[in-house]
Amino acid sequence: MSEPFLEISGIGRRFSGFVALDGVSAVFQPNRVTAVIGPNGAGKSTLFNVLSGVLPPSSGSIRFKGRDLTGTKQHRFAHLGIARSYQITTIFQALSVHENVRVAAQALRTRYDIWRDRRRLRELDDRADAALAAVGLSARRHDPARSLGHGQQRALEIAIALVAEPELLLLDEPTAGMGPEETRDMVGLIERLAADRTILLVEHKMKMILGLSDRILVLHHGRLIADGTPAQVQADPEVRRVYLGQSHGYA
Ligand code: ADP
Ligand code: MG
């Protein structure tokens, strides 16, 4: 049998004595959309931090395309094909939309002497342009980032993640703070990106998750309590129990 695209085995993460992730295991196929859901504090962002190299796991292992990533430094993750959307605060508001993406492309190229090579400078521009086109921001490339609306800023964060040309893209609450219209645009963007990428997303909007995801993982107190298709997870009695009484509702 060939290696799975991504396999996490027994991932645990502690903060002092607190157990944020507890023995999380899952295997992922390429080019699928998987949603990670669970109540606040369930460990969703911690899982993404571990998967993107921001935090090392306290226990367990990550294998990506046949390579053991356990203990790999964060900057290597982007080079290996794993990227996540940045928090909105990492956008340079005074720089143009294009400059924001270009800076990110440049940061990936620190090992080369890019300043002496015009071809490489052009390549950085092309990469930035491609990332902006992928998120539908080409027309705004010269505008300052601060002039973008909230939804477009989130799209810009995704463009910044895309310059690494990731095969695995992690999106942590991409529609947070969005109204229905911006959410619809973001869903359309995620669907387009999912055509040739593997996407993991943390989300709270259940209708969106059910329509968009091939698979849903449910975390609760750091443990994986369900893993299946949207229909399977919706019918799961433990998932229903966990979500009962949650203000954002379920299904
Ligand atoms: P979620 O994204 O599901 O809301 P998180 O993964 O952010 O949850 O957090 C899970 C738990 O781990 C929470 O109780 C949170 O307070 C704790 N936690 C997360 N990151 C840290 C950290 N860097 N230091 C200490 N505790 C943390
Ligand atoms: Mg979170």
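The values are calculated or read from the model by the stated rules, or taken from the named source; none is laboratory data. Remember, predicted model here, so these are calculated numbers, not experimental data. Ideal geometry is used to build each Cβ from the backbone, glycine not excepted, and the neighbour counts take in all protein chains shown.
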When restricted to V50, V33, the only residue of a type outside the set (G, A, S) and in contact with a helix residue (DSSP H, G or I) (Cβ under 6 Å, 6 or more places away or on another chain) is V33
Do you know which residues across the range 40-63 are charged (D, E, K, R) and either within 15 Å of V19 (Cβ to Cβ) or near ligand 2 (Cβ under 9 Å from one of its atoms) (or both)? K44
Counting only residues that are assigned to a loop (DSSP other than H, G, I, E, B) and in contact with a strand residue (DSSP E or B) (Cβ under 7 Å, 6 or more places away or on another chain), which one in the range 79-92 is modelled with the lowest pLDDT? S85
Matching residues in the range 9-26 - criterion: being more than 9 Å from ligand 1 (Cβ to nearest atom) and either exposed (fewer than 13 other Cβ atoms within 10 Å of the Cβ) or of a type in the set (D, E) (or both): G17, D22
With the condition kept exactly as written, say whether any residue in the range 77-88 is within 30 Å of G10 (Cα to Cα) and free of Cβ contacts under 8 Å to residues at least 24 places away in the same chain. yes
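For the condition at pLDDT 95 or above, among the basic types (K, R) and more than 13 Å from N100 (Cβ to Cβ), what is the one hit in R146, R141, R184, R122? Reasoning before the result, please.
Numbers: R146 fails: more than 13 Å from N100 (Cβ to Cβ); R141 fails: more than 13 Å from N100 (Cβ to Cβ); R122 fails: at pLDDT 95 or above.
Within the list R146, R141, R184, R122, the selection yields R184.
Looking only at the range 48-66, count every residue that is within 15 Å of ligand 1 (Cβ to nearest atom) and over 14 Å from L168 (Cα atoms) and tell me the total. Give the steps one after another, and end with the answer.
Of the residues in the range 48-66, the ones within 15 Å of ligand 1 (Cβ to nearest atom) are 48-58.
This time we only want the ones that are over 14 Å from L168 (Cα atoms), so: 54-58.
Qualifying residue count for the region: 5.
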Return the pairs, sorted by first residue and then second, in which the second residue is assigned to a loop (DSSP other than H, G, I, E, B) and modelled with pLDDT of 95 or more, the first residue lies in the range 215-233 and is of a type in the set (S, T, N, Q), the beta carbons are less than 7 Å apart, and the residues are 6+ apart or on different chains. none
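Quick grid of which residues meet (1) in contact with a Pro (Cβ under 9 Å, 6 or more places away or on another chain); (2) away from ligand 2 (no atom under 16 Å from the Cβ); (3) at pLDDT 95 or above; (4) farther than 28 Å from R32 by Cα:
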position: S96; (1), (2), (3), (4): yes, yes, yes, yes
position: D117; (1), (2), (3), (4): no, yes, no, yes
position: V135; (1), (2), (3), (4): no, yes, yes, no
position: V163; (1), (2), (3), (4): no, yes, no, no
position: L168; (1), (2), (3), (4): yes, yes, yes, no
position: R192; (1), (2), (3), (4): no, yes, yes, no
position: T198; (1), (2), (3), (4): yes, yes, yes, no
Yes or no: the range 208-229 includes at least one residue that is of a type in the set (D, E, K, R) and on the phi > 0 side of the Ramachandran plot. no
